[in-house]
Amino acid sequence: MTLPIPAFAEIRAAFEAICQKRWNGVRGIELFNSGKPGPTVGITMMTHGNEPSGLAPYWYYTQVEPLLPRLHCGKVVFILSNLDAAERYFALPANASMDERISTRGIALNMNRLPEDILTLHNDSRSEVTRVQELAPLWATFDTGMDIHSTSLESAPMIVGHPTVKAELIKGFPIDVLISGISSAMRLKPAFHFYGTQRTDSSHLLIETGSHENPLSFQRAIACAEALLANMGLLEQVFADDAPAVNYLHYAVTSSLYFPNESYRTTEIFPNFAPITKGQILAAGNGAPLLAEHDGHALMCFATGKPPCLKEEALFLSQPVKTLRL
């Protein structure tokens with residue numbers, strides 16, 4: 001079955017539709033409940049306001065293949081994570097510059113780089129703080145959550161697991177790149193760190209579907225949602241139990257690169273998975289150059305050569321790629 005690809009106008013319409021939905025008075029949430037016991041699966045979108053591909057599954061399940069009649073059990077929750085930043089993104093003119101688009105990733109914080117104590121911050125009116133605090137009770141119920149992202153540079157799609165990638169969750173995903181260890185290389189916490197806190201055996205993942213507004217990123221997001229819900233038993237299983245194992249390219253992240261001051265830039269705009277050699281100068285500025293600690297690969301370098309703020313990593317460094325069969 002070939003999955004449809006929504007036009008950007010349909011992605012915008014999906015955004016406008018989910019903005020009208022509420023859960024316990026909180027905007028930007030729609031919950032589909034089968035009425036039968038089963039797992040709760042969360043599909044979260046636009047944790048970064050300029051990454052619209054996560055809206056594609058919501059469009060698909062509300063406009064193409066209505067989800068509720070297909071659910072065998074459990075619940076599926078769609079959450080527009082960074083609602084304020086998403087509103088800024090969709091308010092941009094069609095000819096907005098890259099800098100203008102990047103400026104809509106977040107309002108006050110990067111919602112995928114959160115302080116661990118964010119749920120206990122009081123009298124803090126920053127947009128992402130209040131949003132995380134109102135979403136956290138629902139996040140906590142996830143047996144499995146999938147946070148859908150995209151990249152500023154053209155890139156192969158990726159799966160990032162938390163705490164690890166479980167093979168039974170990703171069967172049928174149209175992605176053959178796995179990233180591990182990335183959460184440990186962050187000084188702050190990704191959003192999915194807060195998923196499933198009421199569950200004893202929850203497992204969560206983040207997918208990078210490709211570049212931000214590439215139609216194939218939209219289609220890939222739909223395919224991953226379909227596969228995840230089938231793998232969790234909520235939809236009809238379309239993959240044989242004895243399906244052959246898949247060879248994945250596995251990048252084990254060991255560290256991340258942080259700039260000591262605003263003068264630093266990466267020495268080039270490293271494509272995802274660019275090979276790196278030990279001692280290679282990765283960034284330079286007013287101070288000592290920043291060197292690669294070992295051979296490996298650069299991941300998730302910013303298209304501007306610098307992160308939006310010094311609290312964020314400029315890129316990640318992985319061990320040399322290996323083949324992992326799952």
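The values are calculated or read from the model by the stated rules, or taken from the named source; none is laboratory data. All values derive from a computational prediction rather than experimental measurement. Note that each Cβ is placed from the backbone with ideal geometry, even for glycine, and that neighbours are counted across all protein chains shown.
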Of all residues making up the stretch 243-266, the number that are outside any strand (DSSP E or B) and exposed (fewer than 14 other Cβ atoms within 10 Å of the Cβ):
7
Matching residues, the stretch 147-171, being buried (at least 17 other Cβ atoms within 10 Å of the Cβ) and more than 24 Å from residue 307 (Cα to Cα)
165, 169, 170, 171
Regarding residue 280, is this residue within 24 Å of residue 170 (Cβ to Cβ) and either in contact with a strand residue (DSSP E or B) (Cβ under 7 Å, 6 or more places away or on another chain) or not assigned by TED's automatic domain parsing to the domain that holds residue 190 (or both)?
no
Qualifying position, being touching a residue at least 40 places away in the same chain (Cβ under 8 Å), aromatic (Phe, Trp, Tyr) and surrounded by 22 or more Cβ atoms within 10 Å (Cβ to Cβ), among 78, 90:
78
Matching residues in the stretch 136-180 (outside any strand (DSSP E or B) and among the hydrophobic types (A, V, I, L, M, F, W, C)) number 13
Search result, residues across the stretch 60-71 that are aliphatic (A, V, I, L, M) and part of a loop (DSSP other than H, G, I, E, B)
67, 71
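Condition check ((1) part of a helix (DSSP H, G or I); (2) among the aromatic types (Phe, Trp, Tyr); (3) touching a strand residue (DSSP E or B) at 6+ places or on another chain (Cβ under 6 Å); (4) within 27 Å of residue 258 (Cβ to Cβ)) across all residues:
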| site | (1), (2), (3), (4) |
| --- | --- |
| 50 | no, no, no, yes |
| 58 | yes, yes, yes, no |
| 101 | yes, no, no, yes |
| 108 | no, no, no, yes |
| 134 | yes, no, yes, no |
Hey, does the stretch 45-57 have a residue that's surrounded by fewer than 24 Cβ atoms within 10 Å (Cβ to Cβ) and assigned by TED's automatic domain parsing to the domain that holds residue 217?
no
What tally of residues in the stretch 181-197 results from selecting those that are assigned to a helix (DSSP H, G or I), surrounded by 20 or more Cβ atoms within 10 Å (Cβ to Cβ) and more than 12 Å from the chain's Cα centre (by Cα)?
1
Looking only at the stretch 303-319, count every residue that is crowded, with 20+ Cβ neighbours inside 10 Å, of a type outside the set (A, V, I, L, M) and closer than 16 Å to residue 152 by Cα and tell me the total.
3
Note down all Cβ pairs under 6 Å where the first residue falls in the stretch 32-54 and is at positive phi, the second is not in a loop (DSSP other than H, G, I, E, B), and they're at least six residues apart or on different chains.
46/54; 46/80; 46/86
Could you grab the pairs with beta carbons closer than 7 Å, sequence gap of 6+ or different chains, first residue in the stretch 299-322 and under 11 Å from residue 113 (Cβ atoms) and at pLDDT below 95, second one of a type in the set (D, E, K, R) and part of a loop (DSSP other than H, G, I, E, B)?
307/313; 308/105; 311/113; 311/187; 312/113
Here are some residues: 200, 254. Which one is more than 23 Å from residue 61 (Cα to Cα), of a type in the set (S, T, N, Q) and more than 21 Å from the chain's Cα centre (by Cα)?
200
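Being more than 30 Å from residue 105 (Cβ to Cβ), out of contact with any Gly (no Cβ under 8 Å at 6 or more places or on another chain) and surrounded by 13 or more Cβ atoms within 10 Å (Cβ to Cβ) narrows it down to one of 299, 235, 229, so name that one.
235 is the lone residue from the list that is more than 30 Å from residue 105 (Cβ to Cβ), out of contact with any Gly (no Cβ under 8 Å at 6 or more places or on another chain) and surrounded by 13 or more Cβ atoms within 10 Å (Cβ to Cβ).
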Would you check if residue 104 is without any contact (Cβ under 8 Å) to a residue 12 or more places away in the chain and more than 15 Å from the chain's Cα centre (by Cα)?
no
Looking across the stretch 202-236 at residues that are polar (S, T, N, Q) and over 21 Å from residue 302 (Cα atoms), the single one that is modelled with the lowest pLDDT is 202
